[in-house]
Amino acid sequence: MSVLSNTESVVSVRSARRPGERVGVAGAVLGAVSIIAVGGGYLLVPQQMAQGFGFTEWPHSEANGFLNIKGVRDVVSGLILLALLGAGQRRALGVATLTVALIPTGDMLTILLRHGSTATALGVHGLTAALVAASGALLLRRRSR
């Protein structure tokens with residue numbers, strides 16, 4: 001009897017967490033796929049992608065390589081999240097997702113400190129940071145028994 005009631009309580013706790021966890025997983029997947037696509041853009045058409053980043057000027061000619069570096073960073077960030085999800089490491093995915101939220105936060109602050117587009121800094125990078133952090137928080141949320 002106690003095994004059955006213990007199993008039932010575990011199932012009910014898991015069921016209670018499922019909607020939030022599902023949203024967290026969906027957010028992590030959406031974020032990972034989106035940042036992989038953005039990174040791919042910086043690798044394939046860096047000058048076009050740079051125009052939407054939030055600065056009034058960006059690297060040209062030889063300095064264009066810095067845009068490709070951003071592309072590699074973005075693609076790898078997304079792949080790390082997908083690898084953790086594929087490995088079934090939900091807690092690690094939550095920690096990594098929260099950590100990855102620091103990237104768009106840093107982008108936002110850099111644009112603001114260098115007098116770039118405030119609308120892009122807040123509306124693109126700030127919003128991205130908030131959504132990614134929320135996904136990570138949902139993945140880490142635990143319900144008490």
Inset, instruction - Go through segment 112-122 and give me each residue that's within 24 Å of Leu30 (Cα to Cα) and of a type in the set (Val, Ile, Thr). - result: Thr120
Inset, instruction - Return the only residue of Leu82, Leu109, Leu102 being over 16 Å from the mean Cα position of the chain (by Cα), at pLDDT 95 or above and at negative phi. - result: Leu109
Legend entry - Residue check for Gly88: part of a helix (DSSP H, G or I) and without any contact (Cβ under 8 Å) to a residue 12 or more places away in the chain: no
Legend entry - Given (1) under 20 Å from Ala26 (Cβ atoms); (2) buried (at least 19 other Cβ atoms within 10 Å of the Cβ), index of the condition Thr99 fails: (2)
Legend entry - Checking Asn68 against (1) farther than 27 Å from Glu57 by Cβ; (2) touching a Pro at 6+ places or on another chain (Cβ under 7 Å), the condition it does not meet: (1)
Legend entry - Those residues of segment 102-129 which are surrounded by fewer than 14 Cβ atoms within 10 Å (Cβ to Cβ) and of a type outside the set (S, T, N, Q), in sequence order: Leu102, Gly106, Leu113, Arg114, His115, Ala119, Gly123, Leu127
Inset, instruction - Would you be able to say whether some residue in segment 111-126 is free of Cβ contacts under 8 Å to residues at least 24 places away in the same chain and in contact with a helix residue (DSSP H, G or I) (Cβ under 6 Å, 6 or more places away or on another chain)? - result: yes
Inset, instruction - Please specify each residue of segment 32-73 satisfying the condition of being assigned to a loop (DSSP other than H, G, I, E, B) and in contact (Cβ under 8 Å) with a residue 40 or more places away in the chain. - result: Gly52, Phe53, Gly54, Phe55, Thr56
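The values are calculated or read from the model by the stated rules, or taken from the named source; none is laboratory data. No experiment lies behind these values; they were computed from the predicted model shown. Positions of Cβ are generated from backbone atoms using ideal geometry, with glycine treated the same way; all protein chains shown enter the neighbour counts.
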